[in-house]
């Protein structure tokens, strides 16, 4: 019988990066009867790409209500970004009345960066080699949520080159660059600390799409970009899991956002007819899933379908 040779030699990579992997067997303390098996404390430092609108903004509000220590969001439009930041600050203030906070502190707690997620130079600049904070003074994230995305419905033969580039750039390249920059920063921040100080429960959550697994007429490039996100998620779950970073994905179906509101009425009606629950999902329902994946310490390589049962009928 031939010997099986592993395709990827992770220990070699760890050695080259001068990082210390987690032990091959991690003993987890059994919680008392008064504690859940998931992490009970709210997420700490969160970075959400595409957090100025839609699903990303709803996720940001969920983490604000959970009392996160800091929330950073990215967006393309400065006006939309500032509006989102103001709404998040208000959510944090009203959701955490037992934690009075000054306006100055609130401004530091929730911040934004106007940038294109596919701009590699931005990620390289923000996450320089400083072990304690980003170049902007933000804490290194414990949780990265890649929610930035665009859609464009067109037959491949009719699609313009710039539309193809935008879909791949934002949906796939942006996610790849974010995962690379933030995971390296997470490991640098963790490396060298004592066991008591080691940052716990680090994770990445990628937002994909039902079209990544089922495709659809007029969604060829979009489907390809989101399928790439799922492939990236599974590979990183294997690569980063031994280093203490969990990687998971959420696969939404039709969700009530500005994207679905722009649907042709006939197409919308046909979609609703096929969904067993007979409705589109709410952005808050995606946000709740993100909170679950952020808190559950055994969730790694999870792909959560939130499509109202549509995938069962396709």
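On the basis of the beta-carbon distance and an R0 of 30 Å, residue 213 and residue 160 show a calculated FRET efficiency of 0.70. The distance separating the Cα centre of segment 56-94 from that of segment 285-304 comes to 19 Å.
For the residues 108, 144, what sequence is obtained by ranking on other C-beta atoms within 10 Å, fewest first?
Details: 108 13, 144 26.
So the residues, fewest neighbours to most, are 108, 144.
Counting only Cα atoms, the size of segment 57-131 along its three principal axes is 40, 30, 21 Å, in decreasing order. Remark on segment 42-313: Rg and Dmax equal 18.3, 59 Å (Cα only). Measuring nothing but alpha carbons in segment 229-293 and taking Rh as the Kirkwood radius, the Rg to Rh ratio lands at 1.13.
Between residue 78 and residue 96, the distance separating the two model label sites (each 7 Å from Cα on the Cα→Cβ line) works out to 2.8 nm.
Estimated from the Cβ-Cβ distance and a Förster radius of 22 angstrom, the FRET efficiency linking residue 136 and residue 87 is about 0.55. Taking 0.36 nm per residue of separation and subtracting the current Cα-Cα distance, fully stretching the chain between residue 103 and residue 238 would add 44.4 nm.
The simple Förster model, with R0 at 35 Å and r as the Cβ-Cβ distance, assigns residue 153 and residue 184 a FRET efficiency of 0.50.
Just so you know, all these numbers are worked out from the coordinates, no wet-lab data involved. Please read these numbers as outputs of a predicted model, since none were measured by experiment. Note: ideal-geometry Cβ built from the backbone for every residue, glycine included; neighbour counts use all protein chains shown.
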